[in-house]
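Taking it in order: structure first as structure tokens, then the write-up.
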Amino acid sequence: MEHRQDEELIADYQTGNEEALKMLFERYKKPIFNFALRMLGNRADAEDVTSEVFITLVTKKDAYKPTAKFSTWIFTVTRNASISKLRKRKKSFTMWFQKEDSKDYEQWEVPDNRLPSDNIVKNETKSQLSRAISNLPPEQREAIILREYHQMSYDQIKEIMNCSLDKVKILIYRAREQLRNELPSIISEEDNA
């Protein structure tokens with residue numbers, strides 16, 4: 001089958017073509033998951049957000065209007081779901097234990113003291129970079145992730161973040177500067193290689 005544009009696929013899906021939804025899902029499941037993972041630093045939360053995004057696509061398929069690129073729209077939905085998840089996040093994880101005298105399960109909240117990136121990235125350099133990115137202020141983190149990991153244009157980032165082009169440029173510039181300042185050993189190691 002020929003490669004069809006996102007906007008054609010969503011238009012087909014909006015008119016009832018379920019196959020178009022499958023194609024959009026296959027095209028976007030990995031980029032959406034990766035964006036959420038980098039925003040949240042937690043695989044389970046990223047999976048939840050990815051599910052929420054596609055549930056939104058199914059339940060609110062007519063919410064997309066062809067005034068923006070589909071990729072901009074779906075990354076905006078992902079951004080909003082990620083921010084919502086960050087606001088709700090607790091510093092714990094849930095474990096379920098079966099009670100001794102029953103078939104019922106009991107929920108325990110256990111503090112989560114692990115660094116999220118330790119479970120995601122094994123390479124130490126990537127781990128350091130991941131931690132440094134997670135330490136950026138939220139808007140800088142969003143902008144740099146969209147630019148560097150998803151190769152979004154400044155205009156797309158402006159639309160996703162709902163801000164001015166100048167603000168996007170400033171956010172990316174400041175994020176890059178902070179990363180350079182926090183990771184001088186990585187930069188000097190790369191220069192010597």
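Within segment 1-21, restricting attention to residues that are over 20 Å from T67 (Cα atoms) and in contact with a helix residue (DSSP H, G or I) (Cβ under 9 Å, 6 or more places away or on another chain), the residue that is surrounded by the fewest Cβ atoms within 10 Å (Cβ to Cβ) is M1. Screening L37 against (1) in contact (Cβ under 8 Å) with a residue 12 or more places away in the chain; (2) of a type in the set (A, V, I, L, M, F, W, C); (3) closer than 14 Å to I74 by Cα leaves a single unmet condition, (3). Could you give me the residue pairs with C-beta distances under 8 Å whose first residue belongs to segment 42-67 and is over 19 Å from M23 (Cβ atoms), whose second residue is part of a helix (DSSP H, G or I) and among the basic types (K, R) wherever it lies, and which are 6+ apart or on separate chains? Cβ pairs passing all conditions: D45/K85; D48/K85; V49/K85. Hey, does segment 85-97 have a residue that's at pLDDT below 90 and under 18 Å from H150 (Cβ atoms)? No, there is no match, as no residue in segment 85-97 is at pLDDT below 90 and under 18 Å from H150 (Cβ atoms).
For segment 6-50, the set of residues classified as aromatic (F, W, Y) and closer than 19 Å to Y149 by Cβ consists of Y28, F33, F35, listed by residue number. Return a yes/no flag: does segment 149-166 have any residue that is part of a helix (DSSP H, G or I) and modelled with pLDDT under 85. Scanning segment 149-166, I find at least one residue that is part of a helix (DSSP H, G or I) and modelled with pLDDT under 85, so the answer is yes. Would it be correct to say that A143 is surrounded by 10 or more Cβ atoms within 10 Å (Cβ to Cβ), farther than 19 Å from F33 by Cα and at pLDDT 85 or above? Answer is no for this residue.
The values are calculated or read from the model by the stated rules, or taken from the named source; none is laboratory data. Everything numeric here is computed off the predicted structure, so don't read it as measured data. Cβ sites come from the backbone with ideal geometry, for glycine too, and all protein chains shown count toward neighbours.
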